[in-house]
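Chemist: Attaching a single structure in C-alpha cells format; questions to follow.
Just so you know, all these numbers are worked out from the coordinates, no wet-lab data involved. Treat the numbers as computed from the prediction; the structure is a model and nothing was measured.
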C-alpha cells in the first residue's frame, strides 16, 4: 500500500483524526505522527517526537503547539503520557553544525520513529519531506501540526521536552536567559550573545552566532553540551 502526498491545507482548522481513520480503513493499524521543535533557535538541540494515539483515548485539547500556552501544553503532555505511545529523540548542537539543521532534524525524526516500543505501519510527518530510512510507509503533510491530531500531539511532546531541556541548561549557562526564550533569537538573547559571546549550546553554523565568534567567553566554551539523541 502506498501513501499519496497530501496537499497543503487551504485553511487552518482544528486538527482532526480523519487522515488516521482513513489509513485504518486501508488496513494500517499503527499510525504515528511526527513533528519537531527547535529548528529555528540560535542555541540548543532540535527535538523530534513520534506519537501513536489510542483511537479510544484521545485527550482533549490537542492542537498545534504554537497555538497553546505553556500551561496548556504541559496539561496535554501529561494526558498524552498516560494514553499514547511516545518516543522522542534529539540531534545535538554538534550534529546541527556538522550536517546542518535540516539533516539533523531528519535524523532526530528517524530516531524518534525507530524508538517507538512497537513498529508502526505508517508515519505522518509535518512538512513537505519525510526522513529517509523509515521502516514503514510515510506521508508528509504540510501544516500537519494544525490539521492532523497525531502530528499536533507530536508537536506538543517535542515542544514540552525541548523547553524543559533549555530551562535546565539555564543554570549551567547563566546570563543568556535560556529559560525564558529557549534559545530563540529574541532581542534579549541577541544582546546577551553580543555581550557574552557564544557558549557550547550556540549553533555556530547560524550566522547570528558566527558573527559573535570574536567575543566568545573562554569560561563558557568548555561547559557541558547535550549529548546526541538516541
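Chemist: Can you tell me the Rg and the Dmax, both Å, for the Cα atoms in the chain?
Modeler: In order Rg, Dmax, the Cα atoms of the chain give 18.1, 59 Å.
Chemist: May I ask what percent, to the nearest 5, of DSSP beta bridges between residues of the chain are antiparallel?
Modeler: Details: 13 of 24 bridges.
Of those bridges, close to 55 percent are antiparallel.
Chemist: Using only the Cα atoms, work out Rg/Rh for segment 11-141, with Rh taken as the Kirkwood radius, to two decimals.
Modeler: Numbers: Rg = 14.7 Å, Rh = 15.4 Å.
Here the Rg-to-Rh quotient is 0.96.
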